[in-house]
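The next block holds one structure in the form of structure tokens; read it before the comments.
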Amino acid sequence: MTAVFLDKVDIALTVNGEPVEGRVPAGQHLVDFLRQALGLTGAHASCEHGVCGACTLRVDGQAVRGCLMLAAQADGAEVWTVEGLTEQGSSRDLQQAFVARNALQCGFCTPGMIVAAEDLLAQGGVPTRVEIREHLSGNYCRCTGYEAIVDAVEDVARARAGKGTA
Amino acid sequence: MTIAFGNPDRPNSYIGKTVPRPNAEKLVQGRGRYVDDITLPRMVHVAFVRAPLAHARIIGIDTEAAKAFKGVLRVFTGADLAEVCTPWVGVLAHLKGLKSPPQHALAVERACWVGEPVVAVVATTRAAAEEAATLVEVDYDPLPAVTDTMTALDADTPVIHPDLGDNLAFRRLHEEGDVDAAMATAHKVVSARFRTARHTGVTLEPRSILVDWNPAEGQMTAWHATQAPHMMQTVLATHLDIPESRVRVICGDVGGSYGIKVHVYPDEVATAAIARVMARPVKFIADRLESFTSDIHARDHEIEAKIAVAEDGKILAIDVDDWTGIGPYSVYPRTSAIEGNQVVNLCGGPYDFANYRAQTTVVFQNKAPTCQYRAVGHPIAAAITEGLVDMAAAAIGMDPVEIRRRNMYADDAYPVTSPAKMRFEGLSHHASMDKLMEMIDYDALRADQEEARKQGKHRGIGIASFIELTNPSPFMYGIGGARISAQDGCTVRMDPDGSVVALSGVTEQGQGTEAMLSQVVAEGVGVTPDKVRIITGDTQVTPYGGGTWASRGAGIGGEAALQAARALRGSILEVAASMLQSDAAKLDIRAGQVVDADSGEARMPLEELGRIVYFRGDTLPKGLPRELVQTRHFITMDYPFAFTNGVQASYLEVDTDTGVVTLLKHWCVEDCGRVINPQLVDEQIRGGIVQGLGGALYEEIHYDEDGQLLNGSMADYLVPMAGEMPDMQIGHVETPTGESELGAKGAGEAGTAGAPAAVMNAINDALRPFGAQVTEMPFTPERVLRALGKIDD
């Protein structure tokens, strides 16, 4: 049994390709660490219990809820947020498709939606609309009614698959 | 000069075209700036202790342990804040008889709903404030809770506010013609009891406010996720005793509003009051449980209604008895009587009939306050009206489309005044229905339904016509005494580089206001939309305006922008005519160039004109007006509201074993007048439909009989998810309003208005062979199975 409960934890991780160190409250969620300590405000806290997906991040290659993971658990992890994906340019086509199709209105869900959609697109191929809808069912959007988002993801899947086979 | 809207190839033809939203790119890159993204020097955080009981007297408050908690700076009770913040009363003079008690920023003496803020804890971090809030001990003496709407006025029900005499907040009866006589002699009379569940908006960005008070400047600045910055400026100034001119409300990116963020919330006013006391920035971001317990709720109605029809399907009379419970306070300053009032105004809306009686009874209860939420009253009125019309059609063996065609106002009948005394300038019910029938291929759909039925699949087609109130005049709030602006303004200026800046009093909540304004201004001045920068949401900067509510942004704010832009065009051309030794009437501005109007030949780029005006004004004739800035305001004058119309259709399948409803497809034809940006309008309608579908199938706030909220999380209050929603086909008929040159009416609420009725009618169409019918929303599997008689306990 550990002797004391640490209320501050030292962590070292990479965020958007850059090394980051921090001394974080033990109870701090990863999304709050990114937003408050690093100023990466792209991921949003909304439901705060893993239902809505607005805080979706990529951690060690997996789409993860930033409100369900503690910052302390991210020690040694490789974390990507929408800001990093933007700088890296890897989601440019998806972001452009979102704008072209108006697959966002208030934009609060959008960063999480982009990360979640990339998670599906990374599986390759062209998912059906039903598969896209299923995959994004953990990401709530209260504005669009989802159809435009499904359109945008479908367009990008087609375009990427076309490039892959060319 | 007027705009030739009929010619899509006219110069600068941006109105009517899909142009990109200037603010979308930052949002997809995660570079939006919502209130919680803002951090200010010396900023502190406030967390609220909220009432755990629906109704209780506050006996004592012990804040010592909380004050001693590390990081805590101050703790405020209701009595503390009452010294710096006056209470408010949510009544309006034109809603005769509406009453409500004074409401404080923090409860004083008595808490009246679970979630009402009672104590505020301020700390250096949100985490510390929240933790310390749990250490505040409030001693409550429980009082009986009133939770049932229908018995709220019974003699043995306790009166929540004894000073008011009873639990009746508002009652309005409207009668036209002789309903009883029509009912007595009609071929058929059909009655039904409808219920719409209590909803809330579930904005993904919770309510958020960050307020700073700078005593050295005597200035309050509030960064606020709001739909109505100028209204909030007035409210904060009034109740915190600050000159209105010394309150600045800034509304940056807002993460969803839908009406939720147009009201005055006690915790937000408390945050401002605390900033005033502490003279430093104070941030309040509601957490999700707080959102469910303290955001406004809506649509909690129970209705008994009757329709009388003749043998030929003509509607003879409609009789509606509507009841709604609004919580313990009428919400300030728009009041909680509007929704019931809208039900009275809107029932029977599409139809030409003579005898109408509707009464709404609005009662107090110990639940979260209700107030205006997207499509206020419309989904309820549409469900009542369209439900009754379908039932009447079934009763006389008539097709549901045919009965509507026999009763809808003829497209050439306008202007008309409805039995509810609503004035319609120009609607297109028949053209819209014709278009819908084409889009859905009605006969083929009926054939598919029949074919499916043979295979044991129970599909239904539901039709819902509706009207929608948009472009409100002061008749909505102003005449009742509220300082809520129905007019709106826009200032448009040209800078030296030939680019244009437009400052507007309407706000961006994600619906695309700034894109709409950019294309209107671009066309009005004669530049490309990318040369127009839009600034909204800052009371110190923009012309005074109303913001976003009642689908007014395009119709009111858009027209102000068009007129300001055209005035600027005139100013530019006056300077250009002088520089070019020409006549302003012979010049035009196209794509940022002054051109010869007849030939289109380029004469001078706007940046050259800007260079001369701003840096070499000495070369222009003395006395030549050279103000490259113009402001115009717009208000509707001829009609209290610009009504729109539309019709929706739902096709769905009901699993009669499980009660599950699967949406197959949804259609909407909408007439919002001039369509400024087709993509944005379609997406507003799609988003609105899905909000309506949520109400039809999933959304329901549950309270127990003691007034405890039972489902205060996103896992328990179900909103539509991607997997359950259908694809939606949107069509348009355009009947521009003659009140403005732009001709635009509102589009943001139409989807929500009609979708629940269409779904209800489709389910009942599917269930009709079983003799079953549902009228209580949401249509959960349980309610469907009960209707089918498969559950009876």
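Odds and ends about this structure:
- Prolate/oblate/rounded call for chain B, Cα gyration tensor, a/c under 1.5 rounded: oblate
- Exposure proxy ranking, count of Cβ atoms within 10 Å, fewest first, for B:His702, B:His429: B:His702, B:His429
- In percent, rounded to a whole number, the relative contact order of chain B is 15, using alpha-carbon pairs under 8 Å and six or more apart.
- Length added when fully stretched, B:Asp448-B:Val84, from 0.36 nm per residue minus Cα-Cα: 124.4 nm
- Net charge in the neighbourhood of B:Gly498 (other residues with Cβ under 10 Å of its Cβ; Lys, Arg +1, Asp, Glu -1) is -2.
- Mean Cβ count within 10 Å, highest first, over the residues of peptides A:113-121, B:167-175: A:113-121, B:167-175
- The phi-based Karplus calculation (6.51 cos²θ - 1.76 cosθ + 1.60; θ = phi - 60°) puts the 3J(HN,Hα) values of region A:132-139 at 4, 4, 4, 5, 8, 5, x, 10 Hz, whole numbers, x for Gly and Pro.
- Remark: the B:Val501-B:Lys26 segment gains 169.1 nm on full extension, using 0.36 nm per residue and subtracting the alpha carbon distance.
- Within 10 Å of the Cβ of each residue in B:88-100, the mean number of Cβ atoms contributed by other protein chains is 0.
- Measuring between alpha carbons in the structure, the pairs from B:Lys70/B:Lys283; B:Lys188/B:Lys790; B:Lys421/B:Lys745 lying more than 22 angstrom apart are B:Lys188/B:Lys790.
- Estimated dipole of chain B in Debye, rounded to 20 [Cβ of Lys and Arg +1, of Asp and Glu -1, Cα centre]: 1740
- Within 10 Å of each Cβ in A:108-114, the average number of Cβ atoms from other chains: 6
- Förster radius 35 Å - calculated FRET efficiency between B:Asp156 and B:Asp241 (Cβ-Cβ, nearest 0.05): 0.25
- Positive-end ranking of A:His135, B:Ala585, B:Val249 along the dipole of the protein assembly as shown, with charges on Cβ about the Cα centre, is headed by B:Ala585.
- Relative to one another, the C-alpha centroids of region B:194-270 and region B:682-707 are positioned 24 Å apart.
- Top positive-direction residue, dipole computed over the protein assembly as shown with Cβ charges, set B:Val629, B:Ile338, B:Ile676: B:Val629
- Rounded to 10°, Cα long-axis angle of helix A:147-165 versus longest principal axis of chain A: 80
- Nonlocal amide H pairs with B:Arg74, under 5 Å, H built at 1.01 Å: B:Val122
- Loop GluC sites (Glu not before Pro), region B:1-83 (other Cβ atoms within 10 Å of the site Cβ: 11 or fewer; DSSP): B:Glu83
- For region B:1-53 and region B:339-391, distance of Cα centres in Å: 31
- Around B:Ile303: net Lys/Arg minus Asp/Glu count, Cβ-Cβ under 15 Å: -1
- Per DSSP, loop GluC sites (Glu not before Pro) in region B:695-759 with at most 16 further Cβ within 10 Å: B:Glu705
- Ascending count of other beta-carbon atoms within 10 Å, so fewest first, for B:Arg33, B:Arg405, B:Arg616: B:Arg616, B:Arg33, B:Arg405
- Mean Cα-pair separation over length for region B:470-564, i.e. relative contact order, pairs under 8 Å, 6 or more apart, %: 38
- When each of the peptides A:69-75, B:417-423 is scored by the mean number of other C-beta atoms lying within 10 Å of its residues, the order from highest to lowest reads A:69-75, B:417-423.
- Assuming charge only on the beta carbon of Lys and Arg (+1) and of Asp and Glu (-1), the dipole of region B:142-207 about its Cα centre is about 380 debye to the nearest 20.
- Loop-resident sites, region B:279-318, for GluC sites (Glu not before Pro), counting at most 11 other Cβ within 10 Å (DSSP): B:Glu311
- A simple spin-label model places the labels of B:Glu627 and B:Asn7 3.2 nm from each other, with each point 7 Å out along Cα-to-Cβ.
- Computed over region B:270-371, relative contact order equals 32 percent, with contacts defined as Cα pairs under 8 Å that lie 6+ residues apart.
- Taking the Cα centre of the protein assembly as shown as origin and assigning +1 to Lys and Arg Cβ atoms and -1 to Asp and Glu Cβ atoms, the resulting dipole is close to 1680 debye.
- Reduced Cα scattering model of region B:125-164, Debye log10 I(q)/I(0), q = 0.16, 0.17, 0.34 Å⁻¹: -0.62, -0.64, -1.15
- Separation of region B:505-578 from region B:600-625 is 23 Å, based on Cα centroids.
- Computing FRET efficiency as 1/(1 + (r/R0)^6) for B:Lys665 and B:Leu173, where r is the C-beta to C-beta distance and R0 is 45 Å, gives about 0.65.
- Counting charges near B:Ala186 (Lys, Arg +1; Asp, Glu -1) among other residues having Cβ under 10 Å from its Cβ returns a value of +2.
- Helix content alone sets the calculated 222 nm mean residue ellipticity of the protein assembly as shown: runs of n ≥ 4 DSSP H residues at -39500 (n - 2.57) each, divided across all residues, give -8500 deg cm²/dmol.
- Taking a point 7 Å out from the Cα of B:Ala279 in the direction of its Cβ, the residues of region B:190-222 whose backbone N falls within less than 12 Å of it are B:213-219.
- Inter-chain Cβ neighbour count for A:90-100, averaged per residue, equals 3 (cutoff 10 Å, partner chain atoms only).
- Packing-based ranking, highest mean first, of B:66-74, A:33-41 given that Cβ atoms within 10 Å are counted: A:33-41, B:66-74
- Tensor-based shape of the protein assembly as shown (alpha-carbon gyration tensor, a/c under 1.5 rounded, otherwise prolate or oblate): rounded
- Taking label positions 7 Å along the Cα-Cβ direction at both A:Arg129 and B:Val416, the computed distance is 3.6 nm, reported to one decimal.
- Take the Cβ atoms of B:Ile396 and B:Asp598, set R0 to 60 Å, and the FRET efficiency comes out at 0.40.
A short reminder: the numbers here are calculations on the coordinates, not readings from a lab. Bear in mind the structure is a predicted one, so any value in this text is a computation, not a measurement. Cβ sites come from the backbone with ideal geometry, for glycine too, and all protein chains shown count toward neighbours.
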